[in-house]
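Asks: Just dropping this structure here.
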Amino acid sequence: MIICTPDIGIEMPPNTLPYAELKERAAAACGTIEVLKEHGLPEEVLEPDAEDKARIATIVNSFAEDEAKTNEILTTARFSNLPPAVLIGVHDTLKDFSHAVVKQATQIRHLVTNKLILETNNPDPRVRIKALELLGKISDVGLFTDRSEVTVTHRSTDDLKSNLQEKLALLRKKAQEIDVTDADMQELGVKTVDTESEQ
């Protein structure tokens with residue numbers, strides 16, 4: 001038998017909580033509820049009533065409108081005071097939101113692909129060609145995708161320094177060779193003074 005004596009009176013720093021996001025808090029709370037269910041938490045506590053459903057809707061709508069503000073307002077202390085049915089409802093709804101977006105994107109992708117396949121039988125050859133081209137550009141097919149290669153060459157610091165010094169020396173030499181004429185200055189909008197007419 002192990003006897004543990006807790007240290008009482010030690011405050012936890014406010015910004016070191018591991019679950020800062022509402023989604024993370026909800027997932028952690030549901031994990032705790034699962035453990036409690038295994039140890040006798042009654043099932044009727046987990047069934048949401050009308051008030052619980054209203055709370056779930058309020059929290060989820062608030063989260064959808066402004067995620068950062070909801071995370072700030074619904075602190076860990078406030079969140080832990082919610083009934084288990086609300087915690088589970090919030091977690092399940094947020095999880096469904098994230099899956100719904102992926103599901104909709106996949107459905108739209110299939111719809112567009114199927115419509116393009118239908119357009120390949122169009123009597124107008126321009127429409128057929130365009131449909132085939134767009135089908136070829138689908139990432140799964142990758143027939144007409146542009147690919148670019150990036151080659152990275154690693155060089156030592158000394159090589160880079162000497163290369164830079166050579167380029168700077170070349171630029172200095174070119175700058176000294178350039179003869180700026182009056183025409184060049186007028187083209188730049190700078191008025192030049194004719195020294196011969198002044199004398």
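Asks: For a quick check: sort Asp96, Asp158 by the number of other beta carbons within 10 angstrom, fewest at the front.
Replies: Asp158, Asp96
Asks: Turning to a different aspect of this structure: Once you have the Cα-Cα distance between Arg126 and Glu67, take 0.36 nm times their residue separation minus that, and quote the gain in nm to one decimal.
Replies: 16.6 nm
Asks: Which shape class applies to the stretch 17-137: rounded if a/c is under 1.5, otherwise prolate when a/b exceeds b/c and oblate if not, where a ≥ b ≥ c are the square roots of the Cα gyration tensor eigenvalues?
Replies: The shape class here is prolate.
Asks: Between Ile3 and Glu21, with labels modelled 7 Å along Cα→Cβ, what's the label distance in nm to one decimal, could you check?
Replies: 4.5 nm
Asks: While we're looking at this one, here's another question. Which order do Phe79, Phe97, Phe63 fall in if you start with the one that has the fewest other Cβ atoms within 10 Å?
Replies: Going from least to most buried by this count: Phe97, Phe79, Phe63.
Asks: Can I ask one more? How would Leu82, Leu36 line up from fewest to most surrounding beta-carbon atoms within 10 angstrom?
Replies: Leu36, Leu82
Asks: Once you have the Cα-Cα distance between Arg172 and Thr151, take 0.36 nm times their residue separation minus that, and quote the gain in nm to one decimal.
Replies: 4.5 nm
Asks: Oh, and also: Quick one: if you stick a label point 7 Å off each Cα along the C-beta vector at Glu133 and Thr113, how many nm between them?
Replies: My value for the distance between the label points is 2.2 nm.
Every number in this text was worked out from the coordinates using simple rules, so none of it is lab data. Owing to the predicted nature of the structure, the values given are computational and were not obtained by experimental measurement. Glycine also receives a Cβ, built like all others from the backbone with ideal geometry; neighbour counts cover every protein chain displayed.
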